[in-house]
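Since the structure comes first, as structure tokens, the remarks are kept for the end.
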């Protein structure tokens with residue numbers, strides 16, 4: 001071996017040396033050259049094959065070809081330099097360091113997953129060579145890297161105490177991240193034992209899998225579980241990469257209730273789930289290279305499917321879907337980075353584990369919040385239903401008790417006062433009818449604006465539709481909406497928003513002159529008018545009056561003056577067999593949408609005989 005190294009040195013090419021002109025403070029990236037070759041000696045590698053590493057990092061992706069490194073370290077100081085040569089990427093099967101000085105082999109040391117931790121200088125998963133340089137000394141080194149996984153090298157020189165200090169900070173951060181993940185898993189497990197809800201069990205399985213996957217990336221599987229079982233080490237990564245998405249897939253379908261809403265999305269999720277289960281089963285029997293490639297590619301595909309499904313639901317303002325997007329996006333980031341490593345894409349990120357840890361932590365916390373919020377929501381619904389049934393039972397019991405009491409009290413006087421009681425009963429029934437009418441009237445009023453509500457609108461539009469068809473008179477429906485209402489709420493507060501709604505309602509009420517005209521608050525900042533015996537031009541005059549009055553006069557609120565504008569859509573037609581009451585609202589709403597699209601603060605008409613609306617800018 002010494003003869004081989006001497007020959008290598010005789011035929012090696014000059015390197016840019018790593019020169020230490022003063023005592024090293026902290027760390028510096030290693031300057032070296034590398035060449036992929038299956039040869040046993042670097043002297044057989046052609047000079048054109050050697051390439052300089054960028055920032056001390058090189059990523060050759062998956063492959064079985066060994067890589068040779070060569071570099072020189074010069075100590076131009078008058079002090080002994082004791083350094084650590086550190087490779088930040090821990091998942092290398094074998095690193096062999098050949099230390100030479102004046103063409104003589106001084107030492108040969110090995111690191112990597114194939115070497116037990118107990119033989120290392122530091123009993124840690126990190127791959128560290130200890131280097132000692134005498135004053136004014138130049139030393140030459142060769143490193144041979146061999147692995148069946150991703151061959152990524154990230155080499156740097158560290159001052160020993162600075163490395164230990166940095167390692168302590170790193171371990172603290174990683175410990176906090178792993179601790180929070182583990183705590184969330186335990187919380188979910190306890191909640192499952194208490195509530196027996198499968199949502200908590202699936203979320204706990206996901207968090208535990210993410211915890212194990214991150215621990216594997218940090219090298220803890222090698223350090224604490226087994227530093228000899230390479231089959232176990234090479235099986236953990238591909239299997240967990242796929243398996244961690246299985247509970248997330250099932251949770252996505254259940255949390256979003258897709259089985260009753262979107263069957264195509266359910267089919268897509270279940271097909272992806274079946275393929276994932278199959279890959280988990282067969283991956284331990286495949287080569288590590290093939291298993292890891294399949295795992296990363298399909299996991300990336302699986303994550304994209306989940307992201308598309310949750311994105312579709314998130315657009316429908318589903319709060320749980322939005323949280324699921326927050327949970328899935330960090331997984332997409334980490335999987336893209338793993339894909340870059342596998343396919344030799346040079347992405348350099350010095351704090352790789354912090355990126356992975358932060359991403360996994362966000363995913364775990366987001367899923368934990370989703371599971372807990374889902375349970376709280378279901379519990380609140382259940383409590384509300386129970387309270388409603390209890391109130392109904394108490395009311396029925398009170399009615400029955402009161403009836404029995406009255407019967408017992410008036411049993412003897414009933415025959416003698418039957419006429420009087422009959423009269424009183426009629427009076428009471430009339431009063432009850434009046435009260436019922438009053439209650440029904442109150443139920444049709446909007447509490448904030450005093451206008452009629454949506455329930456009254458739905459009832460009246462049907463009645464006026466029948467009258468229009470019977471009398472062959474035009475019926476107009478106007479849909480009005482406050483422009484940029486969300487901005488008013490965001491800038492001035494919800495109290496100002498309420499003031500705006502009340503002001504618009506008062507303006508609408510003042511613009512209606514006929515008793516038969518009906519103004520309703522349709523929902524939120526949207527209003528609806530029913531104008532019997534009114535054509536398009538008549539509806540336009542009313543709508544224009546409302547729009548002009550609102551645009552001219554800013555309202556005064558507790559947060560300051562607010563300038564408002566509204567948009568309106570009109571549909572007027574004589575009712576016939578080809579229409580139904582809902583189409584009046586639909587066409588007026590489409591006209592309103594056109595007014596919004598054309599710049600707001602305007603009134604647009606809808607024509608049921610055309611596929612598009614005719615608009616008029618005001």
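Here, each number is a calculation from the coordinates, and none is a lab measurement. Every value quoted in this text rests on a predicted model; they were computed, and no experiment measured them. Note: ideal-geometry Cβ built from the backbone for every residue, glycine included; neighbour counts use all protein chains shown.
Points worth noting:
- Residue order for 165, 420, fewest other beta carbons within 10 angstrom first, comes to 420, 165.
- Antiparallel beta bridges, as assigned by DSSP with both residues in the chain, represent about 90 percent of the total such bridges.
- For the chain, the relative contact order comes to 9 percent (Cα pairs under 8 Å, sequence separation of at least 6).
- Cα centroid separation - the range 550-585 against the range 280-330, whole Å: 45
- Alpha carbon convex hull of the range 442-616, volume per residue in cubic angstrom: 105
- Using C-alpha pairs below 8 Å separated by at least 6 residues, the relative contact order for the range 197-380 is 25 percent.
- With N as its number of residues, the range 434-509 has a Cα radius of gyration that, divided by 2.2 N^0.38 Å, comes to 1.42.
- Theoretical FRET efficiency, 1/(1+(r/R0)^6), r = Cβ-Cβ of residue 436 and residue 319, R0 22 Å, to 0.05: 0.05
- Reported value for the chain: 276 Å³ per residue, from the convex hull of its C-alpha atoms.
- Equivalent ellipsoid of the range 367-499: semi-axes from √(5λ) of the C-alpha gyration tensor, largest first, are 44, 32, 15 Å.
- Each label point was placed 7 Å from the Cα along the Cα-to-Cβ direction; for residue 397 and residue 164 their separation is 7.4 nm.
- With the convex hull of the Cα atoms taken as the outline of the range 321-402, the averaged projected area works out to 6.9 nm².
- In the chain, helices alone account for a calculated mean residue ellipticity at 222 nm of -18500 deg cm²/dmol, with every DSSP H run of four or more residues adding -39,500 (n - 2.57).
- Fraction of beta bridges assigned by DSSP in the range 442-616 that are antiparallel (%, nearest 5): 85
- Full extension of the chain segment joining residue 76 with residue 55 gains 5.3 nm, where the gain is 0.36 nm per residue of separation less the Cα-Cα distance.
- Zone residues, the range 368-386, relative to residue 190, backbone N less than 17 Å from point 7 Å out along Cα-to-Cβ: 368-369, 371-373, 376
- Segment residue 455-residue 282, extension gain: residue separation times 0.36 nm, minus the distance between their alpha carbons: 56.4 nm
- In degrees, nearest ten, helix 198-217 long axis to first principal axis of the chain (Cα): 20
- Between helix 263-282 and the chain: long-axis angle, C-alpha atoms, 0 to 90°, nearest 10: 20
- Both numbers refer to the Cα atoms of the range 197-380; Rg and Dmax are 16.6, 52 Å.
- Structural descriptor for the range 442-616: relative contact order 26 percent, calculated from alpha carbon pairs under 8 angstrom and at least 6 residues apart.
- Segment residue 44-residue 533, extension gain: residue separation times 0.36 nm, minus the distance between their alpha carbons: 166.2 nm
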